[in-house]
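Enquirer: Structure in structure tokens, see below.
The values are calculated or read from the model by the stated rules, or taken from the named source; none is laboratory data. Since we're looking at a predicted model, the values are computed, not measured. Cβ placement follows ideal geometry from the backbone for every residue including glycine, while neighbour counts extend to all protein chains displayed. Quick note on the areas: whole protein, heavy atoms, side chains included, nothing else; ligands and nucleic acids left out. Shrake-Rupley method; radii C 1.70, N 1.55, O 1.52, S 1.80 Å.
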Amino acid sequence: MAESETAEHTAPQAASEAPAKPQRKRISRRKAVEQEVRSYLEAMNNRDARAMVAHWREDGVEDIVAVGVLRGRDELYDYFSSLFAAMPDARTTITRLVAGEQSCAVEWRLEATLDGAPFMGIEPNGKHIEIRGFDLIELENGQIVSNTAYFDASTVARQIGMLPPDGSGADRAMKGAFNAVTKLRRAVAERRSA
């Protein structure tokens, strides 16, 4: 009887002394998407166009709403290389990121000075810009397949001096001229249809 009591008491103790199995680290799909997107935006913050396009599938499509559609890694590389050449001090900051299983929404800020090479036909003038934007990035098998990026291009145009400051005399005059032309066209169209 003493032996059975000892066996009964030692069995649970032996089980608790057995080495624990190492826990496998399981990364959720959402976490994997978040890590991939953060790595992509880190490459953007480092102004590394080559590292950025490495995150893309070869046939990926980026729709930068204020600029146009970029198709494939070559067009993406050309665009971002040109952007970073124009704004060599560009800094990108993620302000909010929400990852799903195959997509990621990112709110960001970009600060830069337009003092490098010409960009999209615009000569550098040393003006500082601050852009708020939003990207909706879709991934498949760990690679970006599409991105739709939004930012306010008119704010950028005002910051670099292409458009007058909002509410300024020049802005009111420009809007007044636009409205006068619109009214004139409407009047001509009504006369022709009468």
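Enquirer: It is to be established whether one or more residues within segment 104-115 are modelled with pLDDT under 95, outside any strand (DSSP E or B) and not small (Gly, Ala, Ser).
Expert: No, segment 104-115 contains no residue that is modelled with pLDDT under 95, outside any strand (DSSP E or B) and not small (Gly, Ala, Ser).
Enquirer: Filtering segment 103-146 down to residues that are surrounded by 15 or more Cβ atoms within 10 Å (Cβ to Cβ) and among the β-branched types (Val, Ile, Thr), which residue is nearest to residue 72 (Cα to Cα)?
Expert: Restricting to residues being surrounded by 15 or more Cβ atoms within 10 Å (Cβ to Cβ) and among the β-branched types (Val, Ile, Thr), the top hit is 145.
Enquirer: Of everything in segment 151-173, what is in a helix (DSSP H, G or I) and either open to solvent by less than 80 Å² (accessible area, probe 1.4 Å) or of a type in the set (Ser, Thr, Tyr) (or both)? Give them in sequence order. Show your work before the answer.
Expert: Taking segment 151-173 first, the residues in a helix (DSSP H, G or I) are 153-160, 169-173.
Correct list: 153, 154, 155, 156, 157, 158, 159, 160, 169, 170, 171, 173.
Enquirer: Let me ask you something else. Could you say which residue among 152, 171 is farther than 30 Å from residue 28 by Cα and in contact with a Pro (Cβ under 6 Å, 6 or more places away or on another chain)?
Expert: None of the others qualify; the one that does is 171.
Enquirer: Are there any pairs, at least 6 apart or on different chains, whose C-beta atoms fall under 6 Å, with the first in segment 103-121 and touching a residue at least 40 places away in the same chain (Cβ under 8 Å) and the second charged (D, E, K, R), and if so, which?
Expert: Correct list of pairs: 103/138; 106/135; 114/127.
Enquirer: Does any residue in segment 47-59 that is under 13 Å from residue 82 (Cα atoms) and open to solvent by 30 Å² or more (accessible area, probe 1.4 Å) come within less than 8 Å, Cβ to Cβ, of a residue that is modelled with pLDDT of 95 or more and not hydroxyl-bearing (Ser, Thr, Tyr) six or more places away or on a different chain, and which pairs are these?
Expert: 47/84; 47/88; 47/90
Enquirer: So, in segment 87-96, how many residues would count as being open to solvent by 20 Å² or more (accessible area, probe 1.4 Å) and over 16 Å from residue 151 (Cα atoms)?
Expert: So the count comes out to 2.
Enquirer: Does any residue in segment 133-144 that is in contact (Cβ under 8 Å) with a residue 12 or more places away in the chain and closer than 17 Å to residue 110 by Cα come within less than 8 Å, Cβ to Cβ, of a residue that is among the basic types (Lys, Arg) and surrounded by fewer than 16 Cβ atoms within 10 Å (Cβ to Cβ) six or more places away or on a different chain, and which pairs are these?
Expert: Close Cβ pairs (under 8 Å, with a partner that is among the basic types (Lys, Arg) and surrounded by fewer than 16 Cβ atoms within 10 Å (Cβ to Cβ)) amount to 133/109.
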